[in-house]
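Visitor: A single structure is presented below for examination.
The values are calculated or read from the model by the stated rules, or taken from the named source; none is laboratory data. This one's a predicted model, so the numbers in the text were calculated from it and none came from an experiment. Note that each Cβ is placed from the backbone with ideal geometry, even for glycine, and that neighbours are counted across all protein chains shown.
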Amino acid sequence: MRFDAILFDFDGVLIESEHVGNLQLGEYLTRIGHPTTAEQSMAMFMGLAGQDFLTAVEGWIGRSLPEDFHTDRATGAAQAMAEGLPAVAGAVAFVRGLPPALPVAVVSSSSTEWINAHLAHLGLTDRFGDHVYSGREHVERGKPAPDLYLFGARQLGVDIARAAIIEDSPIGATGAVESGAFVIGLCAGSHCGVGHADVLRGKGVQIVADSFDEVQRIVSESPGAK
């Protein structure tokens, strides 16, 4: 393998949650009087978590969020964790095809409860083991800071400069690039519309892949290969 480890973002990289989640968020904000499309929601909030996410949403609507916001979000999350969400095309086969000795980790803005529930649905719990890291639980500064990626690499015992990060969101790509890793901007999820690749390139990712077949080629080839 070209790299000593691979760090995976989760939502939009391994599971098809970004479009569903942002559609629900947009519908909620529209319902309370602030018309918001799924595309607008993704552009403004995708990759954020915790207080950063709440601050961004309140900045968009220009006021504090209603009390039922958290209940609405929790209900949707609970249903998704119970029922599962589809994998991004090719994701499970890609992870399962990696050399068993290659260190891997999830580095996500989502909670470890959310990540672990969906890894179980995907049948990937054993491959990641304890290396599931959350920007809201394991570091003080979540994405777009590079801290979570650096933390994940340390936990795996690898030099971040020898790791690859797979990211789909502009916010995540920003921190991933700053970490010093080789960053693959993934545009395989259903939420990645026209222009998404250009946005990721604008954040400085080294290469963009539109499928996990392309990711496989990238991580397997020698540096400088065409």
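Visitor: In this structure, does Val199 turn out to be free of Cβ contacts under 8 Å to residues at least 40 places away in the same chain, out of contact with any Lys or Arg (no Cβ under 9 Å at 6 or more places or on another chain) and surrounded by 14 or more Cβ atoms within 10 Å (Cβ to Cβ)?
Guide: On the way: free of Cβ contacts under 8 Å to residues at least 40 places away in the same chain: yes; out of contact with any Lys or Arg (no Cβ under 9 Å at 6 or more places or on another chain): yes; surrounded by 14 or more Cβ atoms within 10 Å (Cβ to Cβ): yes.
So Val199 fits the description; yes.
Visitor: Another question, then. Tell me, please, whether a residue that is among the hydroxyl-bearing types (Ser, Thr, Tyr), under 22 Å from Ala49 (Cα atoms) and touching a strand residue (DSSP E or B) at 6+ places or on another chain (Cβ under 7 Å) can be found in region 121-140.
Guide: Looking only at region 121-140, we keep the residues that are among the hydroxyl-bearing types (Ser, Thr, Tyr), and these are 125, 133-134.
Cutting the leftovers down to under 22 Å from Ala49 (Cα atoms) gives us 133-134.
Add one more test, that the residue is touching a strand residue (DSSP E or B) at 6+ places or on another chain (Cβ under 7 Å), and what stays is 133-134.
Yes - at least one qualifying residue is present in region 121-140.
Visitor: What number of residues within region 99-113 satisfy the criterion of being hydrophobic (A, V, I, L, M, F, W, C) and surrounded by 16 or more Cβ atoms within 10 Å (Cβ to Cβ)? Explain how you work it out, then say what you get.
Guide: Step one: list which residues in region 99-113 are hydrophobic (A, V, I, L, M, F, W, C), which gives 101-102, 104-107.
From what's left, surrounded by 16 or more Cβ atoms within 10 Å (Cβ to Cβ): 104-107.
Within region 99-113, residues that are hydrophobic (A, V, I, L, M, F, W, C) and surrounded by 16 or more Cβ atoms within 10 Å (Cβ to Cβ) number 4.
Visitor: Next question, about the same structure. Exactly one of these conditions fails for Ala78: (1) in the same structural domain as Gly47 (by TED's automatic domain parsing); (2) in contact (Cβ under 8 Å) with a residue 60 or more places away in the chain. Give me its number.
Guide: Evaluating Ala78 over (1) in the same structural domain as Gly47 (by TED's automatic domain parsing); (2) in contact (Cβ under 8 Å) with a residue 60 or more places away in the chain leaves (2) as the failure.
Visitor: Something else about it: Taking region 41-88 as the region of interest, how many residues are on the phi > 0 side of the Ramachandran plot and either surrounded by 14 or more Cβ atoms within 10 Å (Cβ to Cβ) or at pLDDT below 85 (or both)?
Guide: So the answer is 3.
Visitor: Provide a single number: the residues in region 32-57 that are under 17 Å from the mean Cα position of the chain (by Cα) and assigned to a loop (DSSP other than H, G, I, E, B).
Guide: Of the residues in that region, 4 qualify.
Visitor: Does region 60-68 contain any residue that is within 25 Å of Ala188 (Cβ to Cβ) and in contact with a helix residue (DSSP H, G or I) (Cβ under 8 Å, 6 or more places away or on another chain)?
Guide: To start, the set of residues in region 60-68 that are within 25 Å of Ala188 (Cβ to Cβ) comprises none.
Checked against the condition, which is being within 25 Å of Ala188 (Cβ to Cβ) and in contact with a helix residue (DSSP H, G or I) (Cβ under 8 Å, 6 or more places away or on another chain), region 60-68 yields no hits at all.
Visitor: Of the residues that sit in region 146-170 and are of a type in the set (A, V, I, L, M, F, W, C) and buried (at least 24 other Cβ atoms within 10 Å of the Cβ), which one is nearest to Ala197 (Cα to Cα)? Don't jump to the end; show me each part of the working.
Guide: Just the residues of region 146-170 that are of a type in the set (A, V, I, L, M, F, W, C), to begin with: 148, 150-151, 153, 156, 158, 160-161, 163-166.
Then drop every residue that is not buried (at least 24 other Cβ atoms within 10 Å of the Cβ), which leaves 148, 153, 163, 165-166.
Values: Leu148: 23, Ala153: 25, Ala163: 21, Ile165: 16, Ile166: 13 Å.
Per the criteria, the residue is Ile166.
Visitor: Filter region 6-20 down to residues that are small (Gly, Ala, Ser) and buried (at least 24 other Cβ atoms within 10 Å of the Cβ), then give me how many there are. Lay out the reasoning, then the answer.
Guide: First pass over region 6-20, keeping only residues small (Gly, Ala, Ser): 12, 17.
Pick out the ones that are also buried (at least 24 other Cβ atoms within 10 Å of the Cβ) and you get 12.
Result for region 6-20: 1.
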